[in-house]
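No lab work stands behind these numbers, since they all come straight from the coordinates. Treat the numbers as computed from the prediction; the structure is a model and nothing was measured. Cβ atoms come from the backbone with ideal geometry, glycine included; neighbour counts cover every protein chain shown.
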Amino acid sequence: MNLIDAIAAQSDALRAIRRDIHAHPELAFEETRTADLVADCLTRWGIPIHRGLGGTGVVGTIRGTAGDSDRAIGLRADMDALPMTEANTFEHASKTPGKMHACGHDGHTTMLLGAAQYLAANRDFAGTVYVIFQPAEEHGGGARVMMQDGLFEQFPMQAVFGVHNMPGIPAGTIALSPGPVLASNNEFALTIQGKGGHAAMPHLAVDPIAIAAQVIQAFQNVVSRNVKPLEAAVVSVTMIEAGEVPNVIPGTCTLRGSVRAYTAETLDLIERRLGEIAQMTCAAHGATADFHFQRNYPATFNHDAETAFAREVIAGVVSPGALVAQVPIMAAEDFSFMLQEMPGCYAFIGNGDGEHRDAGHGQGPCLVHNTSYDFNDEILPLGATYFVRLAQAWLAR
């Protein structure tokens, strides 16, 4: 790898920052301590900051000294944790029960801080680098809220880039591809209103649980029988709420679940078919349906030109063979909102297979959103170097 020497020399300091953030996780729009840490670091490095976009968001402005230029690039990292109880018992494990950095946002924040420190000390470029520390990626769409608060108007840029760690990909590897790389995130809720009764006399009731069973089976046919075979989509019923005691048929049953898709056309089709199935199945059994569909995050689409540019930058940073294609996955990411408004690219940096974890990990797989997860500190200099080289190359074009 062609790491920047000054960044590699800061590996221990970056590790300390990352583990401090990991030990003090904060949920969406509550990232006060994390934002304070970020703001303090940027201020000490001579970087002017703006706080308050998205509530707890922080934006730093790094202006080059190699001449006047209106060119600008945005580099983004997310700061929030998840409402999970960590299974790890190593020293930097979460000190707050019910909250955990289980997706690596502690590492993303630290990588961008490492890049910001280097760029602040080496301003031999013309133009501006905006370092964007975003709240609420996991829940609440912090990217969209920052944009609604004027992110791109107050900090005009020509492109924006982000990166996410990826367990299962070897450390030292970076993956990216143009086009769709992450799916949209959507939710549905269906309340079936039947007629309650005694479990021993089902003929006098309208059983919403029996109806729900048929609805669930029919929902699974939407992807297999309505969506085009070459279109990727997922419909998952993940919650069933009904009943209080074994000998009573309840009057209502509520189903909730998740829908993932890449294109708006596929999502429109799925929403329509789920609603039709819910209404018609319930009506056929003498019940009524109250169906709601909520669109949370759109699909993440990498722009062709910016992805090609990022690929060139990565090729100069990683070892031969460590630049690979990213296969689209059905997870979602609110960086998609930024890419809807601004050209850019979202890349994935290998987090390894979990062997980096200290003794005392939870003995589970090192997957994101897993109670045994931990970010791989060995990739911090690589992520920071990638951010720096992106900015330098973009502003030099």
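What does the charge count around Val248 come to, taking other residues whose C-beta lies under 14 Å from its C-beta (Lys +1, Arg +1, Asp -1, Glu -1)?
-1
Roughly how many Å is it from the Cα centre of segment 289-364 to that of segment 82-149, as a whole number?
Computed from Cα coordinates, the inter-centre distance equals 15 Å.
Viscosity 0.890 mPa s, temperature 25 °C: what is the translational diffusion coefficient of segment 45-113 from Stokes-Einstein with a Kirkwood Rh over Cα pairs, rounded to a whole number of µm²/s?
The calculation lands on 166 µm²/s.
Dipole of the chain, Cα-centred, from +1 at each Lys and Arg C-beta and -1 at each Asp and Glu C-beta, to the nearest 20 debye?
400
Show me the ranking of peptides 106-117, 381-392, 316-327 by mean Cβ neighbours inside 10 Å, starting with the highest.
106-117, 381-392, 316-327
Around Ser372, with a cut-off of 9 angstrom between Cβ atoms, what is the net charge of the other residues, counting Lys and Arg +1 and Asp and Glu -1?
In short, -1.
Taking only Cα atoms, what is the 0 to 90° angle, nearest 10, from helix 11-23's long axis to the longest principal axis of the chain?
So the inclination is approximately 30 degrees.
Can you give the helix-only mean residue ellipticity at 222 nm for the chain, where every DSSP H stretch with n ≥ 4 adds -39500 (n - 2.57) and the sum goes over all residues, rounded to the nearest 500 deg cm²/dmol?
Helix-only estimate at 222 nm: -10500 deg cm²/dmol.
Add +1 for every Lys or Arg and -1 for every Asp or Glu among the other residues with Cβ under 14 Å from the Cβ of Pro178, and state the total.
It works out to a net charge of -2.
For helix 304-315, report the angle its Cα long axis makes with the longest principal axis of the Cα atoms of the chain; keep it between 0 and 90° and round to the nearest 10°.
Tilt of helix 304-315: around 50 degrees.
Short version: what are the Cα gyration tensor semi-axes of segment 1-130, square root of 5 times each eigenvalue, largest first, in whole Å?
29, 17, 11
Pop the C-beta distance of Thr288 and Leu367 into the FRET formula with R0 = 56 Å and round what comes out to the nearest 0.05.
0.90
What angle, in degrees between 0 and 90 and rounded to the nearest 10, separates the Cα long axis of helix 380-396 from the longest principal axis of the Cα atoms of the chain?
70
Convex hull over the alpha-carbon atoms of segment 184-297: what's its volume per residue in Å³?
85
I need the Kirkwood Rh of the chain: take the reciprocal of the average 1/r across all distinct C-alpha pairs and report it in angstrom.
Radius from the Kirkwood sum: 22.6 Å.
When DSSP beta bridges are limited to those with both residues in the chain, what percentage is antiparallel, rounded to the nearest 5?
If I count the DSSP bridges inside the chain, around 70 percent turn out antiparallel.
Rounded to whole Å and ordered largest first, report the semi-axes of the equivalent ellipsoid of segment 2-53 derived from its Cα gyration tensor (root of 5λ).
Each semi-axis is the square root of five times an eigenvalue, giving 23, 16, 9 Å.
Semi-axes, largest first, in whole Å: what does sqrt of 5 times each Cα gyration tensor eigenvalue give for segment 52-205?
42, 21, 16
If you place +1 on the Cβ of every Lys and Arg and -1 on the Cβ of every Asp and Glu, how big does the dipole about the Cα centre of segment 184-297 come out, in debye to the nearest 20?
Taking the Cα centre of segment 184-297 as origin, the dipole is about 180 debye.
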